[in-house]
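The values are calculated or read from the model by the stated rules, or taken from the named source; none is laboratory data. Computed from a predicted structure; not experimentally measured. Ideal geometry is used to build each Cβ from the backbone, glycine not excepted, and the neighbour counts take in all protein chains shown. Just so you know, the surface numbers come from the protein's heavy atoms only, side chains and all, with ligands and any DNA or RNA stripped out. Shrake-Rupley method; radii C 1.70, N 1.55, O 1.52, S 1.80 Å.
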Number of protein chains: 2
Amino acid sequence: LSGPGNAWRRHAEKQWFLTEEEIMKHFRITPIGVIRTPFKGKEECPFQGAAGKVQGEIILEEHLQPALKDLDKVTHLFLLTFMDRADRKKLQTVTPHGPEIHGTFATRSPHRPNPIGLSVVKLIKINGCRLYVQGVDCLDGTLVIDIKPYSADIDSFPHAVSGWYEKAKRRKKKIPADAY
Amino acid sequence: LSGPGNAWRRHAEKQWFLTEEEIMKHFRITPIGVIRTPFKGKEECPFQGAAGKVQGEIILEEHLQPALKDLDKVTHLFLLTFMDRADRKKLQTVTPHGPEIHGTFATRSPHRPNPIGLSVVKLIKINGCRLYVQGVDCLDGTLVIDIKPYSADIDSFPHAVSGWYEKAKRRKKKIPADAY
């Protein structure tokens, strides 16, 4: 194995330790743009399954325009965001769906070691470095870090079951936004 | 808007510039584990849609075990990886599916500004901090950065169409691994 991650892999195998400087050098995210949405606070953001028809505008850095070639023929996108306002130390959390505490990897909460947000949005139009999309659930001004084409072949699992959420989603909203 | 991303947002609005140090401090990824797979080189990795039955083992850092609470009832996971061997400067690339050049955001190539890999895997079993999964497509030793529950409600779009890929996927493999 080669590449900077090699040091981390050796670290994981207790063969070597990474310095703070090495981690900062190699494991770094570069925001590629922002998304503008109507949601100014997390209490306004729709929960899982409710994003529906809300539209947003992804504004990418101008120099990235070549990376959009052929994206216009894609109907759905994965939108990866970086939720810099999340608590990265939290390993368990409540969700908007109920008062139960879940492991953060069993939820879509922003509070997780790497606060990467993931959602599927419908692509409406591309204009230069601006992408108009539908079905957004992020806070206005959320940093965008990647865009990928969604492929029904490999990404659609209509029979997937998501544990606790299947029950919890039938509840009305019960949890105030300052709790999650 | 508050939080460290605020500086970047002001930067995006040409109101302020981030120093290298600020970027390194705030936009940092922490590997949470590695995935072991049978694939030792990228020519061995299955392409989109072909991951099928291949099993892998995700080995997470021990201290993250509380974050797995309630994940055992989830059938499918999003696996987010960090492909540290990718070329982050590439904005266009060929793919294993054909000789045409695409924008990297229109592909699932590892070569992109933030080399985050995304795939859906089936969860077979959790044993402590080890997750046994099916349908893997990553190189052995790929760094894992996040795990999320897949929800059919919000993540399954069986009618999504992915542009150039719909045609290209019908071809036999034509591109040697050193080209992509």
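Any residue at all in segment B:126-141 that is facing chain A (nearest Cβ under 7 Å), in contact with a strand residue (DSSP E or B) (Cβ under 6 Å, 6 or more places away or on another chain) and either over 24 Å from residue A:68 (Cβ atoms) or aromatic (Phe, Trp, Tyr) (or both)?
Looking for residues that are facing chain A (nearest Cβ under 7 Å), in contact with a strand residue (DSSP E or B) (Cβ under 6 Å, 6 or more places away or on another chain) and either over 24 Å from residue A:68 (Cβ atoms) or aromatic (Phe, Trp, Tyr) (or both), one finds at least one in segment B:126-141, hence yes.
Exactly one of these conditions fails for residue A:58: (1) free of Cβ contacts under 8 Å to residues at least 60 places away in the same chain; (2) hydrophobic (A, V, I, L, M, F, W, C); (3) in contact with a strand residue (DSSP E or B) (Cβ under 7 Å, 6 or more places away or on another chain). Give me its number.
(1)
Per-residue answers, yes or no, for (1) of a type in the set (Phe, Trp, Tyr); (2) part of a loop (DSSP other than H, G, I, E, B):
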site	(1), (2)
A:64	no, no
A:77	no, no
A:87	no, yes
A:105	yes, no
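Give me the pairs: first residue in segment B:62-75 and in contact (Cβ under 8 Å) with a residue 40 or more places away in the chain and more than 8 Å from every other protein chain (Cβ to nearest Cβ), second residue open to solvent by less than 60 Å² (accessible area, probe 1.4 Å) and part of a loop (DSSP other than H, G, I, E, B), beta-carbon distance under 7 Å, and six or more apart or on different chains, which are they?
B:62/B:129; B:65/B:128; B:65/B:129
Are any residues in segment A:77-92 more than 9 Å from chain B (Cβ to nearest Cβ) and crowded, with 20+ Cβ neighbours inside 10 Å, and if so, which ones?
Hits for segment A:77-92 are A:79, A:81.
Could you please tell me which pairs satisfy a Cβ distance under 7 Å, a separation of 6+ or placement on different chains, a first residue in segment B:158-174 that is in a loop (DSSP other than H, G, I, E, B), and a second residue that is among the aromatic types (Phe, Trp, Tyr) and modelled with pLDDT of 85 or more?
B:160/A:150
Residue A:148 - would you say it is of a type in the set (D, E, K, R), at the interface with another protein chain (Cβ under 8 Å from one of its Cβ atoms) and either surrounded by fewer than 20 Cβ atoms within 10 Å (Cβ to Cβ) or in a strand (DSSP E or B) (or both)?
Working: of a type in the set (D, E, K, R): yes; at the interface with another protein chain (Cβ under 8 Å from one of its Cβ atoms): yes; either surrounded by fewer than 20 Cβ atoms within 10 Å (Cβ to Cβ) or in a strand (DSSP E or B) (or both): yes.
For residue A:148, the condition - of a type in the set (D, E, K, R), at the interface with another protein chain (Cβ under 8 Å from one of its Cβ atoms) and either surrounded by fewer than 20 Cβ atoms within 10 Å (Cβ to Cβ) or in a strand (DSSP E or B) (or both) - is met.
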